[in-house]
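Below is one structure; the comments refer to it alone.
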Amino acid sequence: MIKKAVLMVLLYHFTAITITSCTCPDDVLPFYDFKTVKLSYPLGTEVYDSSFFVIEIAMDSIDFLASETKFNGLGGLISSAQATSCPDDGEDGRKYEIVNVEIVSNQDWDEVHLAGSSLKDLAYYGNWDSQAQKYTYEEPFSEKLKHKFWTNVFVHFNSHMILKFPRPSKSPDQILTIKFTKANGEVVKVDSEEIRWL
C-alpha cells in the first residue's frame, strides 16, 4: 500500500513536470483575428486595354489572441494552445473561421447580375503558378468556396487573395462591396474605389 502511494506521488510529480515543460508561456498569442480588410489594385482602377479587372484582398488591423481555454492544473484539461513546441504569435491561424463571403456592386453588371446581387460566380480566383511566375485564373470564386476553401486561404495573417472580374456589359463604372462573415457573427465589410472600364 505504501509502495503504491509512493509510486502515485512520483507519477504525479513526473506528469506535472512533463506537462509544465510542454506548456507555452502565458504571453504566447498563437491565433489572430482581423478587424478590417485592405484592397489594392495591381492593374489600377481604370481599365484600358484589358477586358478584365484584378483586385487583391488582404486582412488588416490584425490582433493576436490566445486560445479559448487555458490549462488550469492536472485536474483541468490541457489547452489546445499547448504543444511540445510553442508557436509564434498568430502562427496557428485564425481565431474565428470565415463562414461566408459576399461580393456585390452598386451598379448593374449585366442582365443577370443587377446592382446588389452576388458577383461570386463572375469572379475568378487567382492561383500562383510558381513555374510561370504569374497568377492563373481557372476556377470561379463561387466554386472555390465549395471546396473547404477557407481552410487553406488566409491561414497566415500576412496572406492575401486575388480575384479577376470580367468587363461589365452594363455600367462601366462599378464600386464593389466585399463582406466577410466570421464564426463569431462579426461582419467585416470593405468598399472598393470606383472601377472604370474605358
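Details
- Förster-model FRET efficiency, 22 Å R0, residue 160 and residue 196, C-beta, rounded to 0.05: 0.40
- Checked against a 23 Å cut-off, the cross-linked pairs 35/170; 95/134; 38/144; 144/189 give Cα-Cα distances beyond that limit for 35/170; 95/134.
- Point-to-point label distance, residue 186-residue 97, nm (Cα→Cβ direction, 7 Å offset): 1.8
None of the figures in this text is laboratory data; all of them are computed from the coordinates on show. Because the structure is predicted, anything quoted here is derived from the model rather than measured. Quick reminder, even Gly has a Cβ in these numbers, built from the backbone with ideal geometry, and neighbours come from all protein chains shown.
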